[in-house]
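A short write-up of the structure that comes next.
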C-alpha cells in the first residue's frame, strides 16, 4: 500500500514537471513565432492584409483619444467594447498604437462641460443626443460623442466618427453598421494621419463642367485627404503631365495629378485637350468620367410643363469607345426611383408640396460584387443613360459598378419629358427591361486614341513623350454627371451635403460612391476592400423578445438553480454508492481476517 502511494506521488510530480516544461516551451516558441487564432465564423477579428501592412510600416506612435466612456445604453457599450477590441488587435501587430477612452461628460461643472463639448465640435466630432429611460420610468437627455481624435507626431489631429448616420437605419442597425466598419474607419485614420504628402486631385474645367458651388461638399470632404484643385487644360502641354530632363536627351514624364475628375461637361472637347487627356492616361493617370450623352435638366421644367432630352456631342465618344465603353443615346426610366416635390397649393403663406415618383430619378444599385459598391445603399441619379462594354480594348478589364432596377424603361433620344406623367398611373408593362448598367470600372493597359494617327515628327519628339499604349492604370465611367452634384439650400443658398435631398430629407449614398471611386483610383483596392467587408450581425427579434420575455427570464433564473440542485442530488447519490461499496468491502476483509 505504501509503495502505491509513493508511485502515485512520483507520477503526479512527473506530470507536473512535464506540464511546466510544455508551458515554458510554448511561451519560448511564441516569443519568436507570432500567430493569432480567430474562431468566429466570419473571421471578425482577422485584420486584412492591407491593415497589417499599414501597421507594420509605422515608425512612431499613433494616438487615439476615443470619447466613448461613461454610463451608456447597451448599444453604445457594445460599440465601445468593439472599438477597444479592434484597437487591441491593431496593437498586437504594432507597438506604435496607443489609445485612451475619455468621458467628456464626467465633469460636474456645466460651463466646463459645455466648453469641452465646444472644443470637440470644433475639432470635427459630431454629438448624438439620446433619450434614456431611468429605472423609475423617467427619462433624461444624454449627449454622446461617438468619435475619436487621432494624432501622429506633431501633425494636426484628425477627427473620425465611429457611428454610422444613414437615413432609414434604425438605431440598432446603425450601431451594427458602425461596428462592421470599425476596421476601415480606424485604419483609414492611421493612414491619413501618417501620410507625409497628400495625393493631388484635379477637377477639370473649361468645358462647361459643374461649378465650385455645385461640387462644394465633395470637394471639402476630399480636401481632408487630398490636395484638390480646379484645372483648366486649355491646350497646355504641361497641364496634366510633369516632364523633367535627366540628361541632354532623356526626358522623364509622369502625371502631375494622381487622379482627375471630369464632372458633367456640357461643351465639346477640342482635339488638343483630348490628346493631352489621352496622354495623361497613357502615362498612368486615373480619370473619373461623369458624363451625360443626353442633355436634360430639371431647370427646363421650372416654368413649363415639358422639355426635350437631346443628344449631347462632347467629342469624347471615340476616346471612351477606344478605352472600352460606349455611352448610349438614351434615358432610363425606373419604377424604383426618388420622389419629386410638386407644388399643389398654398396655405398661410406656406407652399403645399406633394411628392410623386419621378421615373427619371432612378435609385441605382450595385451591378457587381466589387468592393467599391458592395453593401452600398441606393444612389440617386438624375437623367441617367445606359453604358455598354466594347471589345476594342483587349487588355482592359471591364467591371460593371451601377445599374438600374429590373423595372426599367429605355427611351431613345430625343426624349419627350413631361410633368404630366406624374398624374398618371404608370403602365408597368412598359417597364419590362432588366437592370441597365450605367457605370463601369475599366482597368488594365489602354490603347491610345491617337496611335497611328499623328505625324511621325510628333511621335519622335522627346518633349512630347508620346505613348501608344498606357502603363497599367484605371478609370471609372458614369453616364450621369449629377451624381456628384450637391443641392443648394433653397432658403440659405448654401451647399448641402452630397446625397442629401432637402425635399424628401433622404440621404443617398452618392457621397460614399464618389469617395470610394477616388480612393480606389488613388490608393487601389486595399482600403476599399476593408470598407465593404461584411460581418454577420445576429440581431434579436424584437417581437419575439417582447412576447417571450417572461418565459426566458424564468428560464435564465430558475434553470441554473435547478441544475445545481440536480447536480447536488447526483453527487450525493454517487457518494453514497461509493462509500457503501467501500464499507461492504472492508467488512468482507475483516471477516476473512477473523477466519
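The values are calculated or read from the model by the stated rules, or taken from the named source; none is laboratory data. The model shown is predicted, which means the values in this text are computed figures rather than measured ones. Heads up, the Cβs are rebuilt from the backbone with ideal geometry, glycines too, and the neighbour counts pull from every protein chain shown.
Any idea how many residues of the stretch 374-414 are in contact with a helix residue (DSSP H, G or I) (Cβ under 8 Å, 6 or more places away or on another chain), buried (at least 18 other Cβ atoms within 10 Å of the Cβ) and over 19 Å from residue 337 (Cβ atoms)? Final tally of qualifying residues: 2. Scanning the stretch 294-305 for residues that are in contact with a strand residue (DSSP E or B) (Cβ under 9 Å, 6 or more places away or on another chain) and part of a loop (DSSP other than H, G, I, E, B) turns up 296, 297, 305.
Taking the conditions (1) in contact (Cβ under 8 Å) with a residue 24 or more places away in the chain; (2) out of contact with any helix residue (DSSP H, G or I) (no Cβ under 7 Å at 6 or more places or on another chain); (3) assigned to a strand (DSSP E or B); (4) closer than 27 Å to residue 305 by Cα in turn, residue 422 satisfies each one other than (3). Residues that are surrounded by 12 or more Cβ atoms within 10 Å (Cβ to Cβ), in a helix (DSSP H, G or I) and either modelled with pLDDT under 60 or touching a strand residue (DSSP E or B) at 6+ places or on another chain (Cβ under 9 Å) (or both) within the stretch 17-55 comprise just one, 55. Just one of the listed residues (321, 275) is modelled with pLDDT of 90 or more and surrounded by fewer than 20 Cβ atoms within 10 Å (Cβ to Cβ), and it is 321.
Taking the condition of being touching a residue at least 60 places away in the same chain (Cβ under 8 Å) and surrounded by 17 or more Cβ atoms within 10 Å (Cβ to Cβ), how many residues in the stretch 210-224 meet it?
First, the residues of the stretch 210-224 that are touching a residue at least 60 places away in the same chain (Cβ under 8 Å): 210, 213-218, 221-222, 224.
When the remaining residues are screened for being surrounded by 17 or more Cβ atoms within 10 Å (Cβ to Cβ), the result is 210, 214-218, 221-222.
Of the residues in the stretch 210-224, 8 are touching a residue at least 60 places away in the same chain (Cβ under 8 Å) and surrounded by 17 or more Cβ atoms within 10 Å (Cβ to Cβ).
Scanning the stretch 366-414 for residues being more than 15 Å from residue 320 (Cα to Cα) and more than 23 Å from the chain's Cα centre (by Cα) gives a total of 11.
Number of residues in the stretch 165-185 that are modelled with pLDDT of 70 or more and touching a helix residue (DSSP H, G or I) at 6+ places or on another chain (Cβ under 8 Å): the value is 7.
Of all residues in the stretch 383-398 being touching a strand residue (DSSP E or B) at 6+ places or on another chain (Cβ under 7 Å) and assigned to a loop (DSSP other than H, G, I, E, B), which is modelled with the lowest pLDDT? Top of the filtered list is 393.
Restricting attention to the stretch 192-202, the residues being crowded, with 21+ Cβ neighbours inside 10 Å and in contact with a helix residue (DSSP H, G or I) (Cβ under 7 Å, 6 or more places away or on another chain) number 1. Annotation: residue 81 fulfils all but one of (1) in a loop (DSSP other than H, G, I, E, B); (2) closer than 25 Å to residue 527 by Cα; (3) modelled with pLDDT of 75 or more; the unmet one is (1).
What residue, among those in the stretch 56-68 that are touching a strand residue (DSSP E or B) at 6+ places or on another chain (Cβ under 7 Å) and surrounded by 15 or more Cβ atoms within 10 Å (Cβ to Cβ), is modelled with the lowest pLDDT?
Keep residues of the stretch 56-68 that are touching a strand residue (DSSP E or B) at 6+ places or on another chain (Cβ under 7 Å), which gives 60-68.
So of that shortlist, the ones also surrounded by 15 or more Cβ atoms within 10 Å (Cβ to Cβ) come out as 62-68.
Working: 62: 92, 63: 92, 64: 93, 65: 92, 66: 91, 67: 90, 68: 85.
Ranking the qualifying residues of the stretch 56-68, first place goes to 68.
Report yes if residue 340 is assigned to a loop (DSSP other than H, G, I, E, B) and surrounded by 20 or more Cβ atoms within 10 Å (Cβ to Cβ), otherwise no.
So residue 340 does not fit the description; no.
A residue that is in the same structural domain as residue 437 (by TED's automatic domain parsing), touching a residue at least 12 places away in the same chain (Cβ under 8 Å), closer than 24 Å to residue 427 by Cα and outside any loop (DSSP other than H, G, I, E, B) occurs nowhere in the stretch 278-293. Is it fair to say residue 130 is in contact (Cβ under 8 Å) with a residue 40 or more places away in the chain, touching a strand residue (DSSP E or B) at 6+ places or on another chain (Cβ under 6 Å) and closer than 25 Å to residue 176 by Cα? Yes.
This table checks each residue for (1) part of a strand (DSSP E or B); (2) within 33 Å of the chain's Cα centre (by Cα); (3) not assigned by TED's automatic domain parsing to the domain that holds residue 297.
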| site | (1), (2), (3) |
| --- | --- |
| 416 | yes, no, no |
| 429 | no, no, no |
| 441 | yes, yes, no |
| 451 | no, no, no |
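Can you find, within the stretch 279-301, the residue that is farthest from the chain's Cα centre (by Cα) among those that are surrounded by fewer than 23 Cβ atoms within 10 Å (Cβ to Cβ) and closer than 19 Å to residue 252 by Cβ? Filtering first and then ranking leaves 283.
Consider residue 334 against the criteria (1) closer than 30 Å to residue 469 by Cβ; (2) modelled with pLDDT under 95; (3) buried (at least 17 other Cβ atoms within 10 Å of the Cβ): it satisfies all of them except one. Which criterion is unmet? So the condition that residue 334 fails would be (1). Residue 266 meets the conditions (1) assigned to a loop (DSSP other than H, G, I, E, B); (2) within 23 Å of residue 396 (Cβ to Cβ) in every case but one. The failed one is (2).
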